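Below is one structure, written out as structure tokens; comments come after it.
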Amino acid sequence: LRRLVSESWSNSWPMILIMFFEFLIGITDIYIAGKIDKQVQAAYGFVIQLYFVFIIVANALSTGTVSVVSRLFTAGDQHALRDSVYSSVISSVVSGAALSAGGLVFTPLLIKLINIPEELKTFIIPMGRIYAAGVLFHYIVINTNAILRACKQVRSSLKTMSVVCIVNIGLNFLIVFHTSLGYLGIALSTAIGVIVGCGLNLWYTRKLLSRAATISLTYIKSILSIGWPFGMNQILWQSHSMVIYVILSMLPSNRVEILAAFSAGLRIESAVFLPAAACHMANAVIVGNLIGAEKKETAYRAGIITSVMALGIVGILTLAVIASAKFIAPVLSNNPVVVSECVRYLYISMLSEPFMAFWMVLGGALSGAGDTKSIMIISTVCTWFIRIPLCFLWIAVLGFDASSVWWTMNLSQFMTTVFIVRRYRSKKWLESQSKAHPPAETSPTRS
């Protein structure tokens, strides 16, 4: 037990710091947006959700990469390991370039079609195009971070993200407040930060990207077969987030203020979310490595240990946010309506954070084993068949206030926890990995 706890913690703490750096970037963005104007703050909240949609494919590929590469790393086949890494990077470059170009062209058209306040679109379109320009580099950063985690080099990834954080935050203040670009500096600093991170991670993975490696169709197919359900789940999740924004836009009064409060509340909430996200990624690596070493029962126990660890950390942070919500919210906005609604959002949403942490980290174990389809199905049911219909009913039909949305989000988190725990306890996911991964000793088909 002590060894499993030590292994979980050694994989989790660097990821927690990495997620903390990402939190600092996000909270700085929303702080600066709030200092400029409530409209900029609301616009940023929407455009960052759109940006997450653009990087969904990268997250999907990284999920498949961790599952495949972590297994090959412990299996000991160096030739297969290099081929899988090279294939994964090439896949990310191609998809990132395509989506970056698509974002530059289609972002204005998409924003014009969406039913959000017209005064926000003026800010959203130029910000969205700058974020789109950095998508390719962000794809490479996400992919190489996954490779470093899977090969037990997570501290190299930690170094990269610490530099990205410093560059992003420093440029944020410099460009926004000391150049004529103003609010556009929020997006530009992110793009420059990921370009720097891309260069650093390519340096760290240079040995795995040796000339001896070739593109393997077998490993690409394996990565895609594991990654596509995760990607679809992310598409549905981010789409649902934008739908929530649209539903909140139907409120009869204080629409912009509530959207700004929601944006600020999500950023504060992400401080609690980040240890769960970090442990989710760590759990995927731990379980993938153990399955590659043919230690399935140990993988099952390790997944639970990491989840309980995350539950404890998130529980403490939840209490801290509840106790300090009235002091944190005014830092992100000067508008009293925004502050009041942000505090109310935090009081309600924090109640579901421990549930979220537990199911999310167990989901990391399922992802590491390649069982991403079950996560997709469960998440889809709980968001699109429970959360969205109820939120629409409360706001558009019955005319309730925004708190009805916050409580419905809690309900869907609880239901997700129930379904994920049932799937995990069944142990069927321990068998699904054999179908998702090609055997490490099999020579892959090359292109």
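The values are calculated or read from the model by the stated rules, or taken from the named source; none is laboratory data. Here the structure is a predicted model, which means the values were calculated and not measured. No Cβ is skipped: glycine too gets one built from the backbone with ideal geometry, and neighbour counts run over all protein chains shown. These area figures cover heavy atoms from the full protein model, side chains too; ligands, DNA and RNA do not enter into them. Shrake-Rupley method; radii C 1.70, N 1.55, O 1.52, S 1.80 Å.
For a quick check of your reading: which helices (runs of 4 or more DSSP H) sit entirely within the stretch 34-123 and have at least 2 residues that are without any contact (Cβ under 8 Å) to a residue 40 or more places away in the chain?
Result: 78-113.
How many of the residues in the stretch 219-241 are open to solvent by 40 Å² or more (accessible area, probe 1.4 Å) and at pLDDT 85 or above?
Residues in the stretch 219-241 being open to solvent by 40 Å² or more (accessible area, probe 1.4 Å) and at pLDDT 85 or above: 6 in total.
For the stretch 50-73, which positions are open to solvent by less than 50 Å² (accessible area, probe 1.4 Å) and of a type in the set (Val, Ile, Thr)?
Val53, Ile55, Ile56, Thr63, Thr65, Val66, Val68, Val69, listed by residue number.
Conditions: (1) assigned to a helix (DSSP H, G or I); (2) among the small types (Gly, Ala, Ser); (3) open to solvent by 30 Å² or more (accessible area, probe 1.4 Å). Gly193 meets all but one. Number of the miss?
The single condition Gly193 does not satisfy is (3).
Scan (1) farther than 25 Å from Glu257 by Cα; (2) modelled with pLDDT of 85 or more; (3) in contact with a helix residue (DSSP H, G or I) (Cβ under 7 Å, 6 or more places away or on another chain); (4) aliphatic (A, V, I, L, M) for the single condition Leu24 breaks and write down its number.
So the condition that Leu24 fails would be (1).
Does Phe173 satisfy the criteria of being of a type outside the set (Ser, Thr, Tyr) and either under 17 Å from the mean Cα position of the chain (by Cα) or crowded, with 19+ Cβ neighbours inside 10 Å (or both)?
no
Within the stretch 408-420, identify whether any single residue is open to solvent by 60 Å² or more (accessible area, probe 1.4 Å) and touching a Lys or Arg at 6+ places or on another chain (Cβ under 9 Å), and answer yes or no.
yes
Please identify the pairs in which a residue from the stretch 332-360 that is of a type in the set (Val, Ile, Thr) has its Cβ atom under 7 Å from the Cβ atom of a residue that is in a helix (DSSP H, G or I) and open to solvent by 10 Å² or more (accessible area, probe 1.4 Å), counting only partners at least 6 apart or on another chain.
Listed pairs, sorted by first residue: Val337/Glu257; Val338/Lys38; Val338/Glu257; Val339/Pro330; Val343/Lys326; Ile348/Ser403; Ile348/Trp407; Ile348/Asn410.
Here is a yes/no grid of residues against (1) more than 22 Å from the chain's Cα centre (by Cα); (2) modelled with pLDDT of 95 or more; (3) part of a helix (DSSP H, G or I):
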position	(1), (2), (3)
Phe400	yes, no, no
Met415	no, yes, yes
Phe419	no, yes, yes
Arg422	yes, yes, yes
Pro438	yes, no, no
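Is the stretch 294-301 home to any residue that is open to solvent by less than 30 Å² (accessible area, probe 1.4 Å), under 30 Å from Lys35 (Cβ atoms) and at pLDDT 90 or above?
no
Working carefully through the options Leu317, Leu366, Leu346, find the one that is over 18 Å from Met409 (Cα atoms) and either among the acidic types (Asp, Glu) or open to solvent by less than 40 Å² (accessible area, probe 1.4 Å) (or both).
Answer to the check: Leu366.
Can you tell me which of Ile220, Ile258 is closer than 26 Å to Ile90 by Cα, of a type in the set (A, V, I, L, M) and in a helix (DSSP H, G or I)?
Ile220
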